[in-house]
Amino acid sequence: MLELRDISYHVDDGKKDILNHINLKIDDCFTAITGPNGGGKSTLARMIAGIIQPTDGRILMDGQDITGLSVTDRARLGISFAFQQPVRFKGITVFDLIRLASGKAINIDGACKYLSEVGLCARDYINREVNASLSGGELKRIEIATVMARGTKLSVFDEPEAGIDLWSFQNLITVFERMHAQTQGAIIIISHQERILNIADRIVVIANGEITNEGAREAVLPGLLNGSWECRHNAGGCIHG
């Protein structure tokens, strides 16, 4: 389980608040984090991965304090992070990338299974370089294949729909549905997209650096569809602000 305890993040010598007193527990389920642009969602995702450190508060993974750990150390503990814009690696093939991500000596057949899971024809991609010849949608799916190959306890995806076309987005939804059904662990997706929110178990709304609502999808999503980010957590759903 991931737990955020009173997490805050300030910049400009404390003059600008990005996150304010975030308290959140994430169990082995599919959690979507959403909210208006500039609300702190991506900052929180990068903080979970260890890319940035909180100004205040603690982050725990299965009871262990990981607040001061690096990206590498968190990866060893079982946290994966997928960027909005996947990194391109000139000279490295898709097979190399999946093999490295898996951390074990898998063969081409083993790597091809992960490509098939994300809807890519293995023979067309396994020996291709991870470079500019791949589209945004192809890179996103290859990145998801590497996350699946790692088989981590917690997978974090920062706005996976960013910069891809509608056809690729529709395929990504199918991939996430399949991943949700098969993964034994937690998935966190930062997204504005209703179709992604609609397949989550839980939704967390962040606005102005604070959690304004959280709960089961059935309780939170209707308020979002009515056009209000500013809802408050209560037993009956959302109170519009």
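List the relative contact order of segment 1-86 as a percent without decimals, with contacts defined as Cα pairs under 8 Å and 6+ residues apart.
On the way: 119 pairs, mean separation 26.9, N = 86.
Worked out over segment 1-86, it gives 31 percent.
Taking 8 Å as the Cα distance limit and 6 or more residues as the minimum spacing, I'd like the relative contact order of segment 116-186 as a percentage.
43
So how do 122-134, 155-167 stack up, highest first, on mean other-Cβ count within 10 Å?
My ranking of the peptides, most packed first, is 155-167, 122-134.
Place a +1 charge on the Cβ of each Lys and Arg in segment 2-225 and a -1 charge on the Cβ of each Asp and Glu, then give the dipole magnitude about the Cα centre in debye, rounded to the nearest 20.
600
Please list the non-local residues whose amide H lies under 5 Å from the amide H of Gln84, H modeled 1.01 Å from N, same-chain partners needing a gap of 5 or more.
Excluding prolines and chain starts, which carry no amide H, the hits are Asp158.
Using alpha-carbon pairs under 8 Å, 6+ residues apart, how would you state the relative contact order of segment 1-151 in percent?
Relative contact order, segment 1-151: 20 percent.
Give the angle, between 0 and 90 degrees and rounded to the nearest 10, that separates the Cα long axis of helix 136-150 from the longest principal axis of the Cα atoms of the chain.
90
Rounded to the nearest 5, what is the percent of antiparallel bridges among the DSSP beta bridges in segment 2-225? Before the final figure, lay out the partial values.
Details: 22 of 39 bridges.
Of those bridges, close to 55 percent are antiparallel.
Using only DSSP helix segments of four residues or longer, with each worth -39500 (n - 2.57), what per-residue ellipticity at 222 nm results for the chain after dividing by its residue count and rounding to 500?
After summing the helix terms and dividing by residue count, I get -10000 deg cm²/dmol.
Quick check: residue separation of Asp165 and Ile51 times 0.36 nm, minus the Cα distance between them. What number comes out in nm?
38.3 nm
Check the straight Cα-Cα distances from Lys140 and name the lysines below 25 Å, setting aside those fewer than 8 residues away within the same chain.
Partners found: Lys41, Lys90, Lys104, Lys113, Lys153.
What is the P(r) of the chain, as percent of Cα-Cα pairs per 5 Å bin from 0?
1, 6, 14, 18, 19, 16, 12, 8, 4, 2, 0
Quick note: the coordinates plus some simple rules give every number you see, no bench work behind them. As the structure is a computational prediction, the values presented were derived from the model and not from experiment. Using ideal geometry, Cβ is built from the backbone for each residue, glycine included, and neighbour counts are taken over all protein chains shown.
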